[in-house]
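Each remark here refers to the structure printed beneath this line.
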Amino acid sequence: NAGVTQTPKFRVLKTGQSMTLLCAQDMNHEYMYWYRQDPGMGLRLIHYSVGEGTTAKGEVPDGYNVSRLKKQNFLLGLESAAPSQTSVYFCASSGLGRELFFGEGSRLTVL
Amino acid sequence: DQQVKQNSPSLSVQEGRISILNCDYTNSMFDYFLWYKKYPAEGPTFLISISSIKDKNEDGRFTVFLNKSAKHLSLHIVPSQPGDSAVYFCAARGFGGGSNYKLTFGKGTLLTVNP
C-alpha cells in the first residue's frame, strides 16, 4: 500500500543547479498537486494537474515547472535553484471530489 | 490575500479537556472544508471534512462545526489526548470540477496536549 511516494526525500543543491522531484501514486487518481511548506506560511500550492497531460499554475508557480506525462507520475522541476526555494515539498493526489492524500515530503536545501 | 485564516499559531490544552481549533475563510465560493493533521517529518493526513450543506459533522472524538453566515469553522477534539499533539491545517475547496478541486490551506495551528 504505497499511496503517494516522493523521491528524493532529502536534497542539498547549490544556487543555480537544477533538479527534479518525482511523485508517484498508485491509487489511479486523476488529480495531483505540488505544495511547499515554509515556517509560518502553511501549505502553498505550486502547480497542479487535473489529468494526464494537463498542468496548471497554483499560488506560487514562479521558478518551477511540472509535467504529467503519465497518470501516476507528477514531476516538479527547478531549472535554476535559488535559496528562496529552500523548503519542504509535498506531493498529493486525489480522486474526483475527494480528500487529498499526501506523500511524506521532500526536504530541499539550496545553498 | 489569505482566503483561509487560522489566527492562532498555537494552542495548549490539558489531557482530557476539549481542544477547539478555529478557522475563518473569506471566499464565499468555498463549499467543502477539511481538516488535516500533521506530525513532524510526515505528510499531512486527512482528519475530517464538512460540506457547506451541513453545519456539523462528527467522527469519534472529532467534530467539525460550520457557520456559513460567519464564514467560520471549528474543530473540537474531546477528550484531548497527548497523541493529538500536532499541527492542524484547515483547508477549503470550491464547488464544481476541474481547477476547483484544489485545496487552499490555512497556516496551521500547533496543538500541544499536556499529560
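Would you mention how many residues in the range B:81-105 are at pLDDT 95 or above and out of contact with any Leu (no Cβ under 8 Å at 6 or more places or on another chain)?
3
Among A:Leu100, A:Leu76, A:Leu69, A:Leu96, which is in contact with a helix residue (DSSP H, G or I) (Cβ under 8 Å, 6 or more places away or on another chain) and in contact (Cβ under 8 Å) with a residue 12 or more places away in the chain?
The unique qualifying residue is A:Leu96.
For the range B:34-46: of the residues being open to solvent by 30 Å² or more (accessible area, probe 1.4 Å) and more than 9 Å from chain A (Cβ to nearest Cβ), which is modelled with the highest pLDDT?
B:Tyr39
Out of everything in the range B:1-33 that is at the interface with chain A (Cβ under 9 Å from one of its Cβ atoms) and part of a strand (DSSP E or B), what residue ends up being least open to solvent (accessible area, probe 1.4 Å)?
In this case the residue turns out to be B:Val4.
Residues of the range B:67-96 being among the hydroxyl-bearing types (Ser, Thr, Tyr) and either more than 21 Å from A:Met41 (Cβ to Cβ) or more than 14 Å from chain A (Cβ to nearest Cβ) (or both), which ones?
The answer is B:Ser69, B:Ser74, B:Ser80, B:Ser85.
Among the strands (runs of 3 or more DSSP E) contained in the range A:1-98, which hold 1 or more residues that are farther than 19 Å from B:Pro44 by Cα?
Strands (runs of 3 or more DSSP E) meeting the threshold: A:10-13, A:19-25, A:42-49, A:65-67, A:73-78.
Can you name the residue in the range A:69-111 that is among the basic types (Lys, Arg) and within 14 Å of another protein chain (Cβ to nearest Cβ) and, of all such residues, is most open to solvent (accessible area, probe 1.4 Å)?
Residue satisfying both the conditions and the ranking: A:Arg98.
Please determine whether any residue of the range A:9-23 is open to solvent by less than 50 Å² (accessible area, probe 1.4 Å), within 13 Å of chain B (Cβ to nearest Cβ) and modelled with pLDDT under 95.
No, there is no match, as no residue in the range A:9-23 is open to solvent by less than 50 Å² (accessible area, probe 1.4 Å), within 13 Å of chain B (Cβ to nearest Cβ) and modelled with pLDDT under 95.
The values are calculated or read from the model by the stated rules, or taken from the named source; none is laboratory data. Computed from a predicted structure; not experimentally measured. Neighbour counts run over all protein chains shown; Cβ positions are idealised from the backbone, glycine included. Heavy atoms of the whole protein, side chains included, go into the accessibility calculation; ligands, DNA and RNA do not. Shrake-Rupley method; radii C 1.70, N 1.55, O 1.52, S 1.80 Å.
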